[in-house]
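Q: Have a look at this one before I ask anything.
Every number here is computed from the coordinates shown, using simple stated rules; none is lab data. Keep in mind it's a predicted model, so treat the numbers as computed, not measured. Cβ sites come from the backbone with ideal geometry, for glycine too, and all protein chains shown count toward neighbours.
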Ligand SMILES: Nc1ncnc2c1ncn2[C@@H]1O[C@H](COP(=O)(O)OP(=O)(O)OP(=O)(O)O)[C@@H](O)[C@H]1O
Ligand SMILES: [Mg+2]
C-alpha cells in the first residue's frame, strides 16, 4: 500500500524528477555527514580525552564546526527543493481536477454534492502535498542517515552494533499496526471535514431559507454533532500516532540498556576502547530519531493514500465527448426525433416520445405547466444532456457527431437560473465574446436595456459582482444575461423565461430588443407569459413530458383545451400571469 502510493506520487511528479534527484543527492551528503559525527566520537574520546593528543584537540573542533555547517546547509537545500516539488505536484493535481470539473458532463454533477467536490480539490490535495515534501524526504534522508549510522556502528564493533539493532524489527511492527488503525480513522475524519465544508457552503447559499424557516438552531445542532464526530476521529488518530511513538520510546530504552550492559562488559575486558563504545552508542542513539520520523511518515503515507484515492476518483470522472464534425449555422430544421429522456439515476421519464421540428430562422415558443419538461427539452440542444432514447438532429445530422465547442458556439442561452460570475459587470457580459471591444459590450448592454442601471452601479461596468451576483436584482441579472447573449450573436438562441423577472415596462423594452435579436435566428422561447408566445411562428404546448399540441396560436386555441385554459386565465386577469403560478 505504502509503496504503491509512493510509486503513484513519483509517477505524478515526473516533471520534477530533476528537482527530486538533486534533493536526493543533497540528502545523501547530509546523511553521510550525520554518520561522520558518530564516527568522530572515537577520536575525540580516545585521542583527546585519553591519549591527550593536542593536534587532535585543534583539528576536531574545527572539523565539528565544518561538519555541522555543511550538514545544515545541505539539509536546508534538500528540504527546500523537496517542498518545491511537492507544492508543484499538488498544484498540478488541483489544476488537473479543476480542468476535469470543467469537462465533466452536466449530468455527472448531481452525483456528488458541490461541497464534497470543493473539498476534494482543496483539502485532499493539501493532504497529498506533504507526501513528497515530508514523507519522501523523510524516507530518503532519514533512510540514508540510518544506513550510514548503522555502517559506522557495525564497522566499530559488529556484534555490539547488531545486538542493539535487534529491537528495530519490533519497532517497525508496532508502528505498522498503529498506522493501519490511524489510516482508517483518518479516512473517516476526512469525510467528516468534507461534510462540514458542504454544510457551510449550503448554509451560505440557503441563507434566506434558513432564516425564514428559522432553522438556525437545528443546523447549529447538526454542525456541532459533525464537529464532535470530527473531533473524536482526530483524537483517535492522535492516540494511534502517539501510541506508535510510545512503542518506539520503550524499545529505545531496552536497546540502550542492552548496549550498555554488553558494551560495558567488553570495555572492562579490554576488547574495545571507550571511544569505540561511545561511537557506537552515539550512532545508535542517533538512529532513533530517524526511525521515529520514518514511522511517522508511514502514517502520513496512509493519509495521503486515502486522499489520493479520492483525487483519482475525481480524475477518473467521464468527460464530455463530441464528434469530429464542425457545426455551422443551421439551414434546415433542428429536429427532435422520438426523443425520450430521464435524468441519470432516476426512473421517471421526463420527456416522452417527443417529435418536434424547430424551424430554422424562426421563433418557436414552448409553453406548458411547471414541471412539464420545457427546460429539460432545451437542455438537449447544447448537449447538457443526451436523449435516453431517440436523437436530436441539426440539419439532419445527429448532434453527437459535432465537435462540442463548435456546436455550443452556435448557441446563445439565457437560462432560468442565471449565474453571474465573480468578476466585473463588463467581464460578465464579455463572457459571451471575450474578444469583443468595449463599444460592442456597451452596445449589447444598451440593447438589453441594461446600460442605464449599470451606469448607476458604484463603479459602472467595472463593478465586481459577488458570488452568484448577489448585488443585482433578478431583473438586472436577466438583462445582463440577455446582453451576454446579444453580444455572442449566435445563430441559435434559447430563452428560458428570459424576461420573467422584469416589470411590465422593462419587459416590453427588453422584449423589443429580443425581437430584434430573434430576427433570422432559430429561436426557442420558453415563456410563461403568453404575450410573447402569440406571435411565435410555431407554438408547442407541453404537458407531463409530452407535446400535446403544436401549430400557430389561432389553430391551437381551437384544438387544445390545456392551451385554451392557460390562455383564458391570462386574458381574464387582464395582465400577464406566469403559468407556473396558476398550477400551484
Ligand atoms: N437535474 C435533474 N435531475 C432530476 N430530475 C430533474 C432534474 N431537473 C428537472 N428534473 C425533473 O424533470 C421534470 C421536468 O423539469 P423541467 O425543469 O424540464 O420543467 P419545466 O417545464 O422547465 O418547468 P418550469 O416551468 O417550472 O421551469 C420535473 O419533474 C423535475 O422534477
Ligand atoms: Mg424550466
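Q: Report, to the nearest 10°, how far helix 438-447 tilts away from the longest principal axis of the Cα atoms in the chain, using its own Cα long axis and a range of 0 to 90°.
A: Roughly 40 degrees between the two axes.
Q: For the range 281-425, what's the relative contact order in percent, using C-alpha pairs closer than 8 Å and at least 6 residues apart?
A: This gives 28 percent for the range 281-425.
Q: First obtain the Kirkwood hydrodynamic radius of the range 36-122 from its Cα pairs, then insert it into the Stokes-Einstein equation at 20 °C and 1.002 mPa s, and state the resulting D in µm² per second as a whole number. List each step's numbers first, then the result.
A: Numbers: Rh = 18.0 Å.
The Stokes-Einstein estimate is 119 µm²/s.
Q: Using only the Cα atoms of the range 241-334, what semi-axes does the equivalent ellipsoid have when each is the square root of 5 times a gyration tensor eigenvalue? Give whole Å, largest first.
A: Value: 67, 15, 7 Å, ordered largest first.
Q: Taking the number of other C-beta atoms within 10 Å as the exposure measure, put 544, 187 in order starting with the fewest.
A: Values: 544 14, 187 19.
By the 10 Å Cβ count, ascending, the order reads 544, 187.
Q: Let me ask something else about it. Please give the calculated 222 nm ellipticity per residue for the chain, where each DSSP H segment of at least 4 residues contributes -39500 (n - 2.57) and the sum is spread over every residue; nearest 500 deg cm²/dmol?
A: Using -39500 (n - 2.57) per qualifying helix, the result is -20500 deg cm²/dmol.
Q: Sticking with this structure for a sec: How much of the DSSP bridge set in the chain is antiparallel, in percent, rounded to the nearest 5? Walk me through the numbers before you get to the answer.
A: On the way: 18 of 36 bridges.
If I count the DSSP bridges inside the chain, around 50 percent turn out antiparallel.
Q: Counting pairs of alpha carbon atoms under 8 Å apart in space and at least six apart in sequence, what relative contact order in percent does the range 275-359 give? Present the calculation step by step, with values, prior to reporting the outcome.
A: On the way: 42 pairs, mean separation 15.7, N = 85.
The value is 18 percent.
Q: List 381, 419, 366 from most exposed to least, where exposure is judged by having the fewest other Cβ atoms within 10 Å. Before the final figure, lay out each step's value.
A: Working: 381 23, 419 11, 366 26.
By the 10 Å Cβ count, ascending, the order reads 419, 381, 366.
Q: Still on this structure, please answer the following. Relative to the longest principal axis of the chain, what angle (0 to 90°, nearest 10) does the C-alpha long axis of helix 167-205 take?
A: Compared with the principal axis, the helix lies near 20 degrees.
Q: What does the range 393-504 give for Rg and for Dmax, in Å, if only its C-alpha atoms count?
A: Calculated on Cα positions, Rg and Dmax stand at 14.7, 50 Å.
Q: Give me the angle, in degrees from 0 to 90, between the Cα long axis of helix 2-12 and the longest principal axis of the Cα atoms of the chain, rounded to the nearest 10.
A: Once rounded, one gets 60 degrees.
Q: Relative contact order of the chain: what whole-number percent is it, with Cα pairs under 8 angstrom and at least 6 residues apart? Mind dumping the intermediate values first?
A: Values: 870 pairs, mean separation 86.5, N = 584.
Relative contact order here is 15 percent.
Q: Give me 279, 155 ranked fewest to most by other Cβ atoms within 10 Å of their Cβ, as a rough exposure proxy.
A: Neighbour counts put them in this order, fewest first: 155, 279.
Q: Over the Cα atoms of the chain, Rg to Rh with Kirkwood Rh, two decimal places?
A: 1.19
Q: Can I ask one more? Give the Rg (one decimal place) followed by the Dmax (whole number) of the range 142-231, computed from C-alpha coordinates and expressed in Å.
A: Cα radius of gyration and Dmax of the range 142-231 are 25.6, 79 Å respectively.
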